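Worksheet: the structure to be examined is printed underneath.
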Amino acid sequence: MDPRLNRCSLVDVDTRRLSLRRLAPDDLDGLAAILADPHVWQFEYGRGLTRAESEAFLDRQLRLWADYDFGGCGVREAGRPELIGVVGLGVPEVPLQHLVPPVTVGWRLSPSAWGKGYATEAATALLHQAFTTMGLDRVGCVTHRDNRRSAAVAERLGMSFLAHADVPAADGNGRVEVALFQITRDEFSSNARKCR
């Protein structure tokens, strides 16, 4: 399924503890500060992103919104103005299109926000929209093979492991091993009922 065929777009949402809002150009300063932390990109690059790389990351998110009506959302604690991360729906890179669903969910949070369940809470809110108003049948997740924290979030979301894959690095330098996950609408609904 082509993700452009979705009838409804992703909308801003508040969860119990978080506010998720579409990323905008004026989020660059906050986003660049988070993405510059080497822990955020430890597995992919072993370093933080430069400001230019953060700007390119934001540009990709804005293009997703323009092309598909979904993309990255800035994550903030409820009632607080500071950006603590980004969670969003995306379209997998070309080498992965045959391995994962046509829409994926992902997250990058500041290390100061780790260990609080924020990634799971934010991603759950987006998955809810993906499977209800957006009408998707399944959603994937791509994370670095060695990133146990991110894999644990995928598992808490109820995602099933699909495979490991060797793919070109996002910056075009070398290759990386990734772990691929997915969840179907029925699995998400069943998991949501168990958590009530």
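The values are calculated or read from the model by the stated rules, or taken from the named source; none is laboratory data. Just so it is clear, the structure is predicted and the values come from calculations on it, not from any experiment. Note: ideal-geometry Cβ built from the backbone for every residue, glycine included; neighbour counts use all protein chains shown.
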Handout entry: Members of the stretch 103-130 that are under 22 Å from Leu49 (Cβ atoms), hydrophobic (A, V, I, L, M, F, W, C) and either within 14 Å of the chain's Cα centre (by Cα) or part of a strand (DSSP E or B) (or both)
Key = Val105, Trp107, Leu109, Ala119, Ala122, Ala123
Problem - Residue in the stretch 131-153 that is of a type in the set (Asp, Glu), in contact (Cβ under 8 Å) with a residue 24 or more places away in the chain, assigned to a loop (DSSP other than H, G, I, E, B) and touching a Ser or Thr at 6+ places or on another chain (Cβ under 9 Å) present - result: yes
Problem - Flag if Val139 is crowded, with 20+ Cβ neighbours inside 10 Å and at pLDDT below 95 - result: no
Practice task
Determine, yes or no, whether Gly48 is crowded, with 16+ Cβ neighbours inside 10 Å and within 17 Å of the chain's Cα centre (by Cα).
Solution key: no
Practice task
Go through the residues of the stretch 73-80 one by one and say whether even a single one is surrounded by 12 or more Cβ atoms within 10 Å (Cβ to Cβ) and closer than 24 Å to Thr184 by Cα.
Solution key: yes
Exercise for the section: Sort through Gly30, Gly48, Gly79 and tell me the only one that's part of a loop (DSSP other than H, G, I, E, B), touching an Asp or Glu at 6+ places or on another chain (Cβ under 7 Å) and over 21 Å from Phe181 (Cβ atoms). Expected result: Gly48
Fill in the blank from the handout: Per the list (1) closer than 20 Å to Gly135 by Cβ; (2) part of a helix (DSSP H, G or I); (3) modelled with pLDDT of 95 or more, residue check on Ala56 breaks on (1)
